[in-house]
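Read-outs throughout are calculated quantities, based only on the coordinates presented, and are distinct from any laboratory measurement. A quick note: this is a predicted structure, and the numbers were derived from the prediction, not measured. Here Cβ is always computed from backbone atoms with ideal geometry, including for glycine, and neighbour counts include all displayed protein chains.
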Amino acid sequence: DVKVTQSSRYLVKRTGEKVFLECVQDMDHENMFWYRQDPGLGLRLIYFSYDVKMKEKGDIPEGYSVSREKKERFSLILESASTNQTSMYLCASSSGLSGAQPQHFGDGTRLSIL
Amino acid sequence: DAKTTQPPSMDCAEGRAANLPCNHSTISGNEYVYWYRQIHSQGPQYIIHGLKNNETNEMASLIITEDRKSSTLILPHATLRDTAVYYCIVRSNQGGKLIFGQGTELSVKP
């Protein structure tokens, strides 16, 4: 079974802090994704990576950056946290980018910015 | 990606089959039908996907109509742990991001 592990289930940070969310997958997948999920807005793609050190912006990259130094690990960074970044953050991985390859998700990190 | 329509909620008795419908009347030939579910406060869980043929795995069966305009996810023997929001997604062969709609909230009752 695919295992995607996010480092924290719940996190509370303060406005202006730099926040790191970590994600690790154990299936040697090429592609990794960061989404945020908000009530009424569904899932929105922040960034994705199709290879080590490669990244692409998603629909809402502003205020975020990512790092992929190793194949199995994809980090999401909130450069200066703001209250509107309070959300559920979901990491996913897939073996390919085509529609035939499913994305597998971690359990999410519920982040609160005070 | 084509839009999907699902009933907002459904009930099912424990041990019975749960049949969750999805309408995707504007689906095109190279688009896959995917099903995910999300249990409260957890990440989405992949269930199954298909292009044209019916599919079965250890979790569920996916029945796609011949014209591909609708599909049904079947959980053969629902348990209380199957209570979740179920999302039907149409995804192009070019893949990319997943777009979740409102889904169907399935309640399995004893």
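Worth pointing out:
- Spatial offset of the range B:40-96 relative to the range A:47-89 amounts to 28 Å, using the alpha carbon center of each.
- Remark: mean inter-chain Cβ contacts per residue of A:38-51 equal 2, using a 10 Å Cβ-Cβ cutoff to other protein chain atoms.
- Across all directions, the shadow cast by the convex hull of the protein assembly as shown built on its C-alpha atoms averages 11.9 square nanometres.
- For the range B:15-110, the mean projected area of the C-alpha convex hull, equal to one quarter of the hull surface, is 6.2 nm².
- Rounded D (µm²/s) - the range B:2-53, Kirkwood Rh over Cα pairs, Stokes-Einstein at 37 °C, 0.692 mPa s: 249 µm²/s
- Within chain B, DSSP assigns beta bridges of which about 85% are antiparallel (rounded to the nearest 5).
- Restricting the calculation to Cα atoms, chain A yields a radius of gyration followed by a Dmax of 13.2, 40 Å.
- Loop-resident trypsin sites (Lys or Arg not before Pro) (DSSP state other than H, G, I, E or B) in the range A:43-111 with no more than 10 further Cβ atoms inside 10 Å of their Cβ: A:53.
- Cys residues of the protein assembly as shown that find no other Cys beta carbon under 4.7 Å: B:12.
- The modelled label-to-label distance between residue A:52 and residue A:11, using points 7 Å beyond Cα along the C-beta direction, is 2.4 nm.
- Amide N of the range A:1-44 lying under 12 Å from the label point, which is placed 7 angstrom from the Cα of residue A:110 along Cα→Cβ: A:9-12
- Spatial separation of Cα centroids for the range B:3-35 and the range A:1-42, in angstrom: 27 Å
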